[in-house]
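The structure appears right after this line, and notes come after that.
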Amino acid sequence: MQSGPTEGYPLQGTRAQVMLERGMKAAQAAGRSQRQVAAELGHRSSVVLSHMTLGRVPVPIDNAERIATALGLDPKAFLLAVLEQRHPDIDFKSLFNISYSSAATVGRLEAIAGCSLDDLPAETRAMLEDVVGARSPRRRWLALPEIATTELIRELRPEGLTADDRQTIEKALRRS
């Protein structure tokens, strides 16, 4: 799954789209086709459900609970996600004093991974545990823009930076 919306799919990456996609994948893994789920929801064609799942069109608020129930999603969490999708300018979390459950967070991570967190390789699960347990994550993990600089330093100084290197870099950065 891509991060953020792409042309023609403006709602891709919203919580509602991610949850719906996760629910559809689970339904398909259980042997239900998208066409079957669409029929269960009263749609003549699966195209509308496909467009909602991909983030091309919004999930209708009035059908959110029915869709959630049909796909085994938490109906209240899905309805909230649909409201956020429809009205991104409203902070529903603060408005209703809601905190997202850990199940929603796990569901989002599983949607990103494309599988259950338990099905990830042991090395990946260990990394996730490190990330979650970090008290100062910026000290341990790089942001995407920092990767190129770090790779350059590793290439030019495979043995690591000396104290002189650090001073030179610090002076150069303070000047800019």
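The values are calculated or read from the model by the stated rules, or taken from the named source; none is laboratory data. What you are looking at is a predicted structure, and each value in this text was computed from that prediction instead of being measured. Here the Cβ positions follow ideal geometry from the backbone for every residue, glycine too, while neighbour counts run over all protein chains shown.
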Check your understanding: Just wondering, is there one or more residues in region 29-36 that are assigned by TED's automatic domain parsing to the domain that holds VAL106, under 19 Å from ALA113 (Cβ atoms), of a type outside the set (Asp, Glu) and at pLDDT 90 or above?
Key -> yes
Study note, to complete from the structure: Of the listed residues (GLU123, GLU170, GLU110), the one being under 20 Å from ARG15 (Cβ atoms) and either of a type in the set (A, V, I, L, M) or in a helix (DSSP H, G or I) (or both) is GLU110
Revision key, fill the gap. Contact list, first residue from region 69-87 and in contact (Cβ under 8 Å) with a residue 12 or more places away in the chain, second anywhere and surrounded by fewer than 17 Cβ atoms within 10 Å (Cβ to Cβ) and of a type in the set (D, E, K, R), beta-carbon distance below 6 Å, six or more apart or interchain, is ALA70/GLU40; LEU79/GLU65
Review point. What number of residues in region 44-67 are under 17 Å from the mean Cα position of the chain (by Cα) and part of a helix (DSSP H, G or I)?
Key: 3
Practice item. Mind telling me which of the residues ALA134, ALA111 ends up being touching a helix residue (DSSP H, G or I) at 6+ places or on another chain (Cβ under 6 Å), hydrophobic (A, V, I, L, M, F, W, C) and touching a residue at least 40 places away in the same chain (Cβ under 8 Å)? Key: ALA111
Practice item. Please go through region 124-153 and pick out each residue that is farther than 27 Å from GLY114 by Cα and surrounded by 11 or more Cβ atoms within 10 Å (Cβ to Cβ). Key: THR149, GLU151, ILE153
Check your understanding: Restricting attention to region 68-81, which residues are assigned to a helix (DSSP H, G or I) and either touching a Lys or Arg at 6+ places or on another chain (Cβ under 9 Å) or over 29 Å from GLU7 (Cβ atoms) (or both)?
Key -> ALA68, THR69, ALA70, LEU71, PRO75, LYS76, ALA77, PHE78, LEU80, ALA81
Check your understanding: Given GLU65, GLU170, GLU110, GLU159, which one is in contact with a Pro (Cβ under 7 Å, 6 or more places away or on another chain) and either assigned by TED's automatic domain parsing to the domain that holds GLN34 or farther than 30 Å from THR53 by Cα (or both)?
Key -> GLU65
Review point. Tally time: how many residues in region 74-106 are surrounded by 12 or more Cβ atoms within 10 Å (Cβ to Cβ), aromatic (Phe, Trp, Tyr) and at pLDDT below 85?
Key: 2
